[in-house]
Amino acid sequence: MKTRTIFFLLILFFSACKKDPPTDPNDLTNIEYNPSSYSLSIPESFPILEIPEDNPLTYQGVQLGRRLFYDPIMSADSTMSCFSCHDINYGFNEPLSLSKGIDGIEGPRSSMSLLNVGFFYNGLFWDGRSHSLEQQALEPITNPLELHDTWENVIVKLKRHENYPTRFREAFGIEHKNEITKELVAKALAQFQRIIIAGGNSKYDRVLRGEEFFTDSEFNGYDMFFDLSPDMPDAECAHCHGGPLFTTNEYVNNGISNVNSLEDFIDKGRGEVTGVLFDNGKFKIPTLRNITLTPPYMHDGRFATIEEVIHHYNSGGHYADNLDPLILPLNLSEQNIQDIIAFLRTLEDTEYTTNPDLQNPFE
Amino acid sequence: MSNKLKFFFFSFALFFSMSSCDEDFVKGDSSQIEIYFKATYNGAPLVMNDRYFYDGKELIFTKLQFYMSNLILKNGDKEVDLDEIELIDFTSTNTSPANASIGFRVVSGAIPVGSYDGLSFGIGVPSDYNSEKPTEFSSTHPLGQSSEYWDAWNSYIFSKIEGKYDEDGDGQDLETSIFYHIGMNEMFRTKTEIDLNIDVIKEEVTVIHVELEVVDIFNDNSGMIDLSTNGTTHTNPNSAEEMALSNKVADNWVNAFDVLQ
């Protein structure tokens, strides 16, 4: 009796299907497309978050981007994804001097923090070769030193996947699996990266809001960092690491490389992109929020500790014709150096790690 | 009202005032005007990072920029507003002799035809704007860059000159840094040029050249600034010496401009 009913229902079900016009299994139009806008809280002191008109932040887009960011489906051997080199617990950076891709080969540069990356409008990467997050995200997949896959392959994997097509439909309204493209993958990744916002509740921010006080050591560090009083040495840091994100987003040579001429930089950095000799050896000024938590330092990870970094600046750096004029011997005492480090520690703020939308969805 | 809202309303008001101006122009005859700011060193177009001589020693400029505000053309007491605020950044324009001789183009708008005898502009950010911060503006607005703001002063940096100088005169490395960062309301200056003879003619583009002779920023009636002792200032309000040097440099900026016709 039971089996019969089931059989009967099954027939009904099938015949109902048959009555409909034959549907394409890759058609997605029966899934609802009704994206909701993503509400983001941005600290009061931060710049305006500029979002491209053709890629508004939606809840569905951010969640799709988050899965892609953490999903090893994005690499040729399914071992790595973006998070492998941009780890939430290291300020979306990694604790290595030089990044290693799926083949275990070191790339030429150290990974970069993605904290507040949505606010960096003057180019991305150490050399600024990419203009937007939408453009940037196209690169790591095919880079042989990173995820070393092909886009054709990644797109095939996503189309075949049991739930990615639905998620692309929900985020971008595509009607057919074939409409999954690398551009949409990049858009989703860009949306996710725009919500990686950190800061606003560091001790520094709380002190600025009058909720807390610096210790003497922190205050002295703050004074030197911003060149406040003539009684303390100027450390000149804020010329380059100024503003609420502690970077002016410019490209400069901060004197870490010892070269005989402008042709001799091993990594030409900005010069590789602009073709201008005077730009050789210039790199993007990185943010210093959470910097004490993300050693090693510089584009090639050459400094293991923050002490080494400040000692470098104190020395005035290596001469080159394009050494920035604001890199000069600082005459800081050991105590001054410790004070600057104490100040930099006030920029630590790990509250962002508790944001569920930033966490690995597969854990 | 939050500052962002204020800015929004302000832009809105500005938009309306501009569109009403346009209407006036449509009624009378109007013509295009273009203004080029050029930087020279001893009369030749100044090229960033090229070596020049100062006091017999070599120097280069790595940054040269200023905020130009409230650009006005005058005729008797009649005034035409040309531009409210602009960051004139020679660092980005003066990359070769050819580019440097073109300079930084500021305005290309329509103004009533007729003759004008005066031109003025501010060197710096006017106080109403200077109470804002870069975070209030979009990244493409002249006031939207954190690099142009100095938190310690609560002020935009009105002008920047940065470079390097061969202090020991050995003709090799440029081992000494120079930087003049001028800011805060009291450092705001206005350049006013009178007795000009500018004719804006119907259906012709009027071109005005404003030249900045950079040597004159270092060299005034009281003599040449000694770059080895007075080569840097952050305009630190707590330092009388820096304030004196910055005031002098701010004054010199005014005199270094010349309107060519």
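The values are calculated or read from the model by the stated rules, or taken from the named source; none is laboratory data. All values reported here derive from a predicted model rather than from experimental measurement. Cβ: placed from backbone, ideal geometry, glycine included. Neighbour counts: every protein chain shown. These accessible areas exclude ligands, DNA and RNA; they are computed on the full protein's heavy atoms, side chains included. Shrake-Rupley method; radii C 1.70, N 1.55, O 1.52, S 1.80 Å.
Applying the condition of being open to solvent by 60 Å² or more (accessible area, probe 1.4 Å) and not in a helix (DSSP H, G or I) to the stretch A:137-184 and asking which residue is modelled with the highest pLDDT yields A:175. Evaluating residue A:212 against the criteria (1) touching a helix residue (DSSP H, G or I) at 6+ places or on another chain (Cβ under 7 Å); (2) surrounded by fewer than 16 Cβ atoms within 10 Å (Cβ to Cβ); (3) at pLDDT below 95; (4) away from chain B (no Cβ under 14 Å) leaves one unmet condition, (3).
Evaluating residue A:217 against the criteria (1) open to solvent by 20 Å² or more (accessible area, probe 1.4 Å); (2) within 13 Å of another protein chain (Cβ to nearest Cβ); (3) not aliphatic (A, V, I, L, M) leaves one unmet condition, (2). Got a number for residues in the stretch A:293-308 being touching a helix residue (DSSP H, G or I) at 6+ places or on another chain (Cβ under 6 Å) and at pLDDT below 95? Within the stretch A:293-308, residues that are touching a helix residue (DSSP H, G or I) at 6+ places or on another chain (Cβ under 6 Å) and at pLDDT below 95 number 1.
Comparison of A:92, A:119 shows that the only residue that is within 30 Å of residue A:209 (Cα to Cα), within 14 Å of chain B (Cβ to nearest Cβ) and open to solvent by less than 40 Å² (accessible area, probe 1.4 Å) is A:119. Restricting attention to the stretch B:234-254, does a residue exist that is of a type in the set (Val, Ile, Thr), surrounded by 15 or more Cβ atoms within 10 Å (Cβ to Cβ) and within 14 Å of chain A (Cβ to nearest Cβ)? The answer is yes, given that some residue of the stretch B:234-254 is of a type in the set (Val, Ile, Thr), surrounded by 15 or more Cβ atoms within 10 Å (Cβ to Cβ) and within 14 Å of chain A (Cβ to nearest Cβ).
Inclusion of residue B:115 among residues that are part of a loop (DSSP other than H, G, I, E, B) and farther than 30 Å from residue B:52 by Cβ is not warranted.
Scanning the stretch A:314-335 for residues that are surrounded by 19 or more Cβ atoms within 10 Å (Cβ to Cβ) and farther than 26 Å from residue A:264 by Cβ gives a single hit, A:332. Selection of the stretch A:225-264 for residues being at pLDDT 95 or above, more than 19 Å from residue B:146 (Cβ to Cβ) and either touching an Asp or Glu at 6+ places or on another chain (Cβ under 7 Å) or open to solvent by less than 10 Å² (accessible area, probe 1.4 Å) (or both) yields A:253, A:255, A:262. The criterion of at least 2 residues that are surrounded by 15 or more Cβ atoms within 10 Å (Cβ to Cβ) and within 14 Å of another protein chain (Cβ to nearest Cβ) is met by the following strands (runs of 3 or more DSSP E) wholly inside the stretch B:160-231: B:176-183. For the stretch A:188-208, the count of residues that are in a loop (DSSP other than H, G, I, E, B), more than 21 Å from residue A:92 (Cβ to Cβ) and either open to solvent by 20 Å² or more (accessible area, probe 1.4 Å) or in the same structural domain as residue A:316 (by TED's automatic domain parsing) (or both) is zero. For the structure I just gave you, tell me whether residue B:57 is basic (Lys, Arg) and open to solvent by less than 40 Å² (accessible area, probe 1.4 Å). Judged against the criteria, residue B:57 is not a match.
Taking residues in the stretch B:207-228 that are within 21 Å of residue B:175 (Cα to Cα), and partners anywhere that are part of a helix (DSSP H, G or I) and open to solvent by 20 Å² or more (accessible area, probe 1.4 Å), the pairs with Cβ atoms closer than 8 Å and at least 6 places apart or on different chains are B:225/B:248.
Pairing each residue of the stretch B:141-163 that is within 13 Å of residue B:233 (Cα to Cα) with any residue that is among the β-branched types (Val, Ile, Thr) and surrounded by fewer than 22 Cβ atoms within 10 Å (Cβ to Cβ), provided the two are 6+ apart or on different chains, yields C-beta distances under 6 Å for B:163/B:60. Residues that are within 14 Å of another protein chain (Cβ to nearest Cβ) and among the aliphatic types (A, V, I, L, M) were ranked within the stretch B:97-153; the one that is farthest from the chain's Cα centre (by Cα) is B:152.
Here A:305, A:346, A:354 are screened, and the one residue that is touching a residue at least 40 places away in the same chain (Cβ under 8 Å) and of a type in the set (Ser, Thr, Tyr) is A:346.
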